[in-house]
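Q: The structure follows.
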Amino acid sequence: MRILVVGTGGVGSAFAQIAKRRTFFEHCALADYDSARPAQVVSELDDRRFSAHAIDASSKDAIVALIRETRADAVLNSVDPLFNVPVFDACFEAGVTYLDMAMTLSEPHATNPFEEVGIKLGDYQFERAQAWEEKGLLALVGIGIEPGAADVFARYAADELFSEIDEIGIRDGANLVVEGYDFAPTFSIWTTIEECLNPPVIWEAERGWFTTAPFSEPEVFDFPEGIGPVECVNVEHEEVLLVPRWIECKRVTFKYGLGDEFIEVLKTLNKLGLDSKESIRVKGVDIAPRAVVAAALPDPATLGDRMTGKTCAGTLVTGLGKDGAPRKTYLYHVADNETTMREYGSQAVVWQTAINPVIALELLASGAWKGVGVLGPEAFPPQPFLDALAEYGAPHGVLEL
């Protein structure tokens, strides 16, 4: 397998550090708009299988050209989802496998945004699923940690643990602390603003997809491995758009443990219009307010040395077990920042995201996973993925509640 990674920020760099330890690929090209970034990563890797390249991820033609130059047969999209369309379309044109960790962006309903869906996450991609299938190509969408491993957990629960599912609820929480900053998100603030301030989507069997107000339905969830109770709220996320396509259940939700301070910062950004991704003219220069916010905050990839604590991503499933008795199970994955920094030099949040596309690519290379069209992680057998997590030294956990 020959791989092209578009974007070498925190997740792209962590992907390379994890992939270096594997033998399933022949070559991995790392590309970024700033050529110094992949060059630095390649220098640190000291592995001839990796190469560094410059790329404009907004240009489909430029991406097609780099795919052909590097002879890639699989592309991992590791840039902000703003660029998903050109990367996705370039892979279709070039005839290669596509993977991403966040799907094409949504647009709220024009007149009733907090009740009805508008353009949903991934709609652009799923509308083109038949064309990908007819061409015999695979687009594996949402294969990070959330979405990604969380969806695999849902598939495993449906196949092995439950006879009937009432709700699949993704619950994400952490006790991470970043020293030296009053406010320092541990993941892309661009993506965080997008998913937290858009109307959250919920799916119910009787209603289909619908929306609610941001930060709605707060609940306290007690996370495992010492993280403890964290208040979680509804957030727009891909799992709600993916899980119902492949798994029979009555309800799907996503709730994120943000904390009061984080929510207040996001609300303030929204009030001031600083969450906008549309460019405004400032002293003769066109710039998006959200880009200014991102530039003003520390790069999440550089925070590892200042971080302590753990982050947990998991899938809470309720319903009836195989024996017909009520069951409530949380399948989860925890990453400890001390461990990921010591072993990989990557902070926990980006490392936990990056390990999953490495595993997916290895499963595709071996033939353990195969398929055509636009597919989510739920469309594949879960056991090979879970076995690989353990073999990589990062096993998942199961908690009966």
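Q: Which of the GluC sites (Glu not before Pro) found in the range 166-230 are in a DSSP loop and have at most 14 neighbouring Cβ atoms, other than their own, within 10 Å?
A: Glu179, Glu206, Glu225
Q: Any idea how far apart Arg22 and Thr111 come out in nm if each label point goes 7 Å out from Cα toward Cβ?
A: Placing both labels 7 Å along Cα→Cβ, they lie 4.8 nm apart.
Q: Where does the Debye-calculated log10 I(q)/I(0) of the chain sit at q = 0.09, 0.11 Å⁻¹, using only Cα point scatterers of equal weight, no solvent?
A: Debye intensities relative to I(0), on a log10 scale: -0.50, -0.77.
Q: So which GluC sites (Glu not before Pro) in the range 271-363 are both in a DSSP loop and have at most 11 other Cβ atoms within 10 Å of their Cβ?
A: When the GluC sites (Glu not before Pro) of the range 271-363 are filtered for loop state and at most 11 Cβ neighbours within 10 Å, Glu278 remain.
Q: Okay, next question. Using the basic label-point model (7 angstrom from Cα toward the beta carbon), what is the Ala65 to Phe183 distance in nanometres?
A: So the label points at Ala65 and Phe183 sit 4.0 nm apart.
Q: Fewest Cβ neighbours within 10 Å first, please rank Phe221, Phe24, Phe153 accordingly.
A: Going from least to most buried by this count: Phe24, Phe221, Phe153.
Q: Check the straight Cα-Cα distances from Lys120 and name the lysines below 20 Å, setting aside those fewer than 8 residues away within the same chain.
A: Candidates past the 8-residue exclusion: Lys250, Lys255, Lys277.
Q: Net charge near Gly180: determine it from the other residues with C-beta under 12 Å of the C-beta of Gly180, scoring Lys and Arg +1 and Asp and Glu -1.
A: Counting the neighbours of Gly180, the net charge comes to -2.
Q: Relative to the present Cα-Cα distance, how much length would full extension add between Tyr392 and Ala325 at 0.36 nm per residue of separation?
A: Separation in residues times 0.36 nm, less the Cα-Cα distance, equals 20.7 nm.
Q: Got a sec? How would Asp73, Asp151 order by Cβ neighbour count within 10 Å, fewest to most?
A: Ordered by Cβ neighbours within 10 Å, fewest first: Asp73, Asp151.
Q: Still on this structure, please answer the following. Return the loop-located chymotrypsin sites (Phe, Trp or Tyr not before Pro) in the range 344-392 (DSSP other than H, G, I, E, B) with at most 16 other Cβ atoms within 10 Å of their own Cβ; answer none if there are none.
A: Passing sites in the range 344-392 are Tyr392.
Q: Compute the relative contact order of the chain as a whole-number percentage, counting only Cα pairs closer than 8 Å that sit 6 or more residues apart in sequence.
A: 20 percent.
Q: Can you give me the distance in nm between label points at Ala129 and Val372, each placed 7 Å from the Cα along the Cα-to-Cβ direction?
A: 1.6 nm
Q: Using bins 5 angstrom wide from zero, how does P(r) for the range 149-347 break down, in % of all Cα pairs?
A: Over the range 149-347, the share of Cα pairs per 5 Å bin runs 1, 7, 14, 17, 18, 16, 12, 8, 5, 2, 1, 0, 0, 0 percent.
Q: Over what distance in Å are the Cα centres of the range 60-130 and the range 310-374 separated?
A: 22 Å
Q: Over the chain, what is the percentage of antiparallel beta bridges among all DSSP beta bridges, to the nearest 5?
A: 60 percent
Q: Compute the FRET efficiency between Glu219 and Asp305 as 1/(1 + (r/R0)^6), taking r as their Cβ-Cβ distance and R0 = 45 Å, and round to the nearest 0.05.
A: In this case the efficiency is close to 0.85.
Read-outs: derived from the displayed coordinates by stated rules, not from any lab. Fair warning: this is a prediction, and the values are worked out from it, not measured in the lab. Don't worry about glycine lacking a Cβ; one is built from the backbone with ideal geometry, like all the others, and counts go over all protein chains shown.
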